[in-house]
1. Among His278, His160, His328, which comes first, second and so on when ranked by fewest other beta-carbon atoms within 10 Å?
2. When only C-alpha pairs under 8 Å and at least 6 residues apart count, what is the relative contact order of segment 48-218, in percent?
3. Would segment 76-145 count as rounded, prolate or oblate if I go by the C-alpha gyration tensor, calling it rounded below 1.5 in a/c and otherwise prolate when a/b exceeds b/c, oblate otherwise?
4. Rank by packing, highest mean first: peptides 145-151, 370-376, with packing defined as the count of other Cβ atoms within 10 Å averaged across residues.
5. Between segment 141-194 and segment 205-235, what's the alpha-carbon centroid distance in Å?
6. Residue-wise, which Karplus ³J(HN,Hα) couplings in Hz belong to segment 149-154, taking 6.51 cos²θ - 1.76 cosθ + 1.60, θ = phi - 60°, and x for glycine or proline?
7. Compute the FRET efficiency between Arg320 and Arg211 as 1/(1 + (r/R0)^6), taking r as their Cβ-Cβ distance and R0 = 41 Å, and round to the nearest 0.05.
8. Multiply the residue separation of Leu272 and Val49 by 0.36 nm, subtract the distance between their alpha-carbon atoms, and state the gained length in nm to one decimal.
Amino acid sequence: MVTADENDGHARVDDTDDDMTPENENGCAELKRELAACLETDEGMRRQVALLTAIVRIFRDTLPCETEEEVARICLAVAEELTGSGIGFIGELNADGLFDTTTLSAAGWEACKVPRSEAEQMLKSMPNRGINRVGLTRHTSWIVNAPADHPDAVKKPDGHPPLTSFLGVPLRYAGGVTGMIALANKAGGYTDADRVDVEALAVVFVEALNRRRAERLVHDLNEELERKVLQTEAANRELEAFSYSVSHDLRAPLRHITGFVELLNKRDVGALDEKSRHYLEVISEAAVKMGGLIDDLLAFSRMGRAEMMRSRVEMGALVRDVIESLAHETAGREIAWEIAPLPAVVGDAAMLRLVLANLVGNALKYSRQVPRAVIGIGAETGHSGETRFFVRDNGAGFDMRYVDKLFGLFQRLHDPEQFEGTGVGLANVQRIIHRHGGRVWAEGEPGIGATFWFSLPKGEEGS
């Protein structure tokens, strides 16, 4: 209270409480509350900043980690620093409920008086007991600030560091508890604020751990895929070399068979009975068929090794060229061609011509017994990333139960006496389309007809 001194006339401050008015008392109380709120807010802000910094550290520092254990050690060290803990561990539970994946912090190893080799052995399949399991049974975090007095406490192994306080936080994943983060020996004990902070870190740790595991899985799958690709390439090279060698080596004895049959036919066959002449005809026809099979096998082998010459290919022009080249197959037949406009693609023109020649040739062959053949050729461009082409006929068709055999080498679904062929053409179609990055498939019904499809990736020059 400010008053005037009667002797000198100067003002002075009277700090006695006698003259404090009720209004002043209320003002001071409000000021104290505001100061307390500010201090409390500042402390809360500091905790939030510290927690966010810890989360960023985990995500940042675990990125280069190569093992799951490195991820766990970093997360544990961050949790210890954030809470002021002396030691800690992260344990994952196996199917038997034991801690079989356990990581100690650096401080934990220093505090442990058990030899490292013995401690590592103890940490594998470590029993889930004592205060470690208090919260795990309830799937909730728990604080024990007097571990020695807790009813669930058990005797520690010799060399185990003494515990003065304890905080356990479950690790959750896919709706279950997979383990825990355990922190110990914080001076003054743990608080609910510590629990909330470590619960947040537990979520971040699980994400970081799963990220590392996913990266490892992808890496392992890529390595396995690379091994399979190399094995497949080696097997294909061996198969192609074998096919080429066999096909080449078969030509010499086949020439001998064909030559001697011709010599026998030039002799006086009148001396042979009808059955013997029939035998010669069978041998001659078989030699011709084998020659065709060898030619197809060599073509199949070469197709796997041939270098692809990619360019813009006008599929419409290619179809017209193929149909013109098959004029000998269409002579004297009633055929209705239903050819839609076809888009251009990017690919090897010679290889794609062989694809169309095989598919159109098959459509002509298998519709041969139909009075009026209808052969449709078209494309679908509305599919993402690929253009689909089809060749459709109303011929013999096939049973869809055996569709998987269609594109196999030497696989045939019809009697060779009814429809000639070696079973190599569709296998070649599949090989060519696969080399272009596309796929092949077919649809059919016996006596109704068949539709053969192939797709090609959309390229910059295609439409």
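Just so it is clear, none of the values below were taken in a lab; they were calculated from the coordinates. It should be emphasised that the depicted structure is a prediction, and the values quoted were computed from it without experimental measurement. As a convention, Cβ positions derive from the backbone with ideal geometry for all residues, glycine included, and neighbour counts pool all protein chains shown.
1. Sorted ascending by nearby Cβ count, the order is His328, His278, His160.
2. 26
3. Values: a/c = 1.92, a/b = 1.06, b/c = 1.81.
Oblate shape, in that a/c is at least 1.5 and b/c is the bigger or equal ratio.
4. With the highest mean Cβ count within 10 Å placed first, the list reads 370-376, 145-151.
5. 37
6. Calculated HN-Hα couplings, in order: 8, 6, x, 8, 5, 10 Hz.
7. After rounding, the FRET efficiency stands at 0.15.
8. Net length gain for the segment: 69.7 nm.
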